[in-house]
């Protein structure tokens, strides 16, 4: 009789532990599959990057007012780490950046930095070289657009 | 024999199981109820439900805890220098601690009061008193920074402070020490106390838009000790109530000589009437001196102004302004219930708790039920003001808060317990031991019109055996009780910083979402800001050298500086260019005997350094900021006085001769 009781009790304990483990395991599975789907997500557009900018209107000629405003933002928030030549300082130099990336990608990276550093293959490749996660400098949408125009000016657009 | 043993063991087990085994001294084991851990548990990564603002007493600071977890979230320096972030050391914050006595680097911070709108805590500001060199401070709860400090003239021992009215119209400050006033000759024999000493109660108005404080007027009151106070609310809005002791007007051995009379007083002040008198021009202007220090969140710096005038109303000369209500035995706490009808006085030496009725006080005044006057102030008949007495509540009642369900909870210092009683029938509902000797207690919104009666936190004065010993000085113990049921259940002990006196608690939602994450660099109006590296420079003006230096992950600009000399006064103006949350940078220079800095994103902070010896002085970031934090460093070269090394500064340009490159050893 005693033995049966003990066995029964142990069974209850085992069941309880077992069900806990199952829960944990399934949590982990969901977590990792989420991660897989985000980096390998077929809907992720590596040209556009991830962020609020889906389609940026860029005219063939330079918008001087925007470029000037962008220069001011650059001086305060970007110049500490980015040179206007091709030379890497803390981050990559800006020469040619508008040829390497789309307007959307650049503006998304500038405003949604953390997400992009986690998900975007090009951003991650650059992080491996620079080893400093680019700080989010909290650019407004207009700031980001103006900085992009300043980059275009730097790349020779007239 | 075996049988006897068996019986003994069974009996013992029975005792233990049924809880009748009671010789055990009271300790945590017997006081904590089942489920306590679960109630106080906040899982990793989850937020607490309440902020708890706890005064720091002799450390002059305020500490912020999360409830119910008891996790320490922040320490806010108010009246004391704080090495952690350079408060009181940096050029920007030094003026905050200026007084008419000069720079006072520490004080004793006792009470806190959250700002209120319509009798509800609103989460905009919290006010704090300095007890020793009398001051009142305002802390902005969007930045958790001390933004204003007002010194009080004609005051000593600013204990009865900083209690507020229900729309934060006024913060009050009453004197614990009567003294000869600032314009009187204070060089008099101490035993001429009754002739030469006076008391005062200051009313500081608060601008409802920006919080700016102004010393609106001062009441001249008799030379007795004003201890604690609370404003009327709802029906009693317009009145303020102050507990007073030492009505004996003793000036020595107060322990005995101020405990002679059966009853001292609660002072009822009709502040709306005071406003009328001020409007009618009854206030007398007095020339005094007091510091008014304001921190500007755009300039990231403080200014200290010495104010020169105070408007005084003498309560002796003005009718209908003040009334004394007799209150047994050296009252300490003076607490007003959420309806504003009941005023609870806690006589430290009394064996009962008197509860006064606002309506009865009004009627007694109308019917002139006075038993005489004290220094020109009418004294209301005790029974005419009394609603009733809580009999045998315990020993040494100190403070009372309210749960919003018609109950009051009072701390009992001498008998080490909290006692819950019903305000209407004055019957005791529950009593629970605390460990040990509770002083203040706090219910979220507990002195507002709408308390959130989920918890009471009790701040004990004596800790003894509650925590691992840490030498002669021990952390003070706060204890959290769940008060949702009739019985109060102890669910958590947590140690505090300094000595907590009064505390405030508020729903986290009222503060959390307004919290500032960083300062916009474009709004930075500090006179020495560098907006971007292009703006950095080193400027010499005679012996003064201003270094405009920036920080961003992970370098300084400039990081090589030469041409500075022994005896120069070097001002480091450090601007953090980051524009994201939680990226402060630190700043330290070898041998600097004034300060280190902690600079928030978008902020500029400065400190002064006078190098005394020629040599090489490294500087670096003291707050781990990135993978290359250890690389965030620079040098300043100090040459002898009279040296003609030209001033130069740069980042990344001052390169060594390439022929001196160390050997490259990897293949």
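The values are calculated or read from the model by the stated rules, or taken from the named source; none is laboratory data. These figures come from a predicted structure and were not determined experimentally. Heads up, the Cβs are rebuilt from the backbone with ideal geometry, glycines too, and the neighbour counts pull from every protein chain shown.
Is region A:95-109 home to any residue that is within 24 Å of residue A:46 (Cβ to Cβ) and within 12 Å of chain B (Cβ to nearest Cβ)? No, because not a single residue in region A:95-109 is within 24 Å of residue A:46 (Cβ to Cβ) and within 12 Å of chain B (Cβ to nearest Cβ). Report yes if some residue within region B:266-276 is over 28 Å from residue B:151 (Cβ atoms) and either surrounded by fewer than 17 Cβ atoms within 10 Å (Cβ to Cβ) or at pLDDT 95 or above (or both); otherwise report no. No: region B:266-276 contains no residue that is over 28 Å from residue B:151 (Cβ atoms) and either surrounded by fewer than 17 Cβ atoms within 10 Å (Cβ to Cβ) or at pLDDT 95 or above (or both). Checking each residue in region B:644-657 for being away from chain A (no Cβ under 14 Å) and outside any loop (DSSP other than H, G, I, E, B) picks out B:648, B:649. Within region B:615-643, how many residues turn out to be farther than 19 Å from residue B:605 by Cα, at pLDDT 95 or above and in a loop (DSSP other than H, G, I, E, B)? Total satisfying the criteria: 3.
When restricted to residues that are under 20 Å from residue B:228 (Cβ atoms), in contact with a helix residue (DSSP H, G or I) (Cβ under 8 Å, 6 or more places away or on another chain) and either assigned to a loop (DSSP other than H, G, I, E, B) or not assigned by TED's automatic domain parsing to the domain that holds residue B:109 (or both), region B:121-176 contains 2. The condition of being out of contact with any strand residue (DSSP E or B) (no Cβ under 6 Å at 6 or more places or on another chain), closer than 18 Å to residue B:72 by Cα and assigned by TED's automatic domain parsing to the domain that holds residue B:334 does not hold for residue B:472. Among strands (runs of 3 or more DSSP E) entirely within region B:482-572, having at least 1 residues that are closer than 23 Å to residue B:613 by Cα and touching a residue at least 24 places away in the same chain (Cβ under 8 Å) singles out B:537-541, B:544-552, B:560-565. Of the residues examined, residue B:282 is one that is within 23 Å of residue B:376 (Cβ to Cβ), in contact (Cβ under 8 Å) with a residue 24 or more places away in the chain, in contact with a strand residue (DSSP E or B) (Cβ under 7 Å, 6 or more places away or on another chain) and not in a strand (DSSP E or B). Which of the residues spanning region B:575-585 are crowded, with 16+ Cβ neighbours inside 10 Å and within 26 Å of the chain's Cα centre (by Cα)? Of everything in region B:575-585, just one residue is crowded, with 16+ Cβ neighbours inside 10 Å and within 26 Å of the chain's Cα centre (by Cα), namely B:584. Among the residues of region B:597-613, which ones are surrounded by 15 or more Cβ atoms within 10 Å (Cβ to Cβ) and either in a loop (DSSP other than H, G, I, E, B) or within 14 Å of chain A (Cβ to nearest Cβ) (or both)? Answer for region B:597-613, where residues must be surrounded by 15 or more Cβ atoms within 10 Å (Cβ to Cβ) and either in a loop (DSSP other than H, G, I, E, B) or within 14 Å of chain A (Cβ to nearest Cβ) (or both): B:600, B:601, B:602, B:603, B:604, B:611. Within region B:573-596, the set of residues being assigned to a strand (DSSP E or B), over 16 Å from residue B:300 (Cβ atoms) and within 14 Å of another protein chain (Cβ to nearest Cβ) is empty. The condition of being touching a strand residue (DSSP E or B) at 6+ places or on another chain (Cβ under 6 Å), surrounded by fewer than 21 Cβ atoms within 10 Å (Cβ to Cβ) and assigned by TED's automatic domain parsing to the domain that holds residue B:447 holds for only one of B:62, B:73, B:67, that being B:73. Can you name the residue in region B:467-492 that is over 18 Å from residue B:419 (Cα atoms) and under 22 Å from the mean Cα position of the chain (by Cα) and, of all such residues, is surrounded by the fewest Cβ atoms within 10 Å (Cβ to Cβ)? Ranking the qualifying residues of region B:467-492, first place goes to B:473. Can you tell me which residue within region B:537-557, out of those that are out of contact with any helix residue (DSSP H, G or I) (no Cβ under 9 Å at 6 or more places or on another chain) and crowded, with 22+ Cβ neighbours inside 10 Å, is farthest from the other protein chains (Cβ to nearest Cβ)? This residue is B:545.
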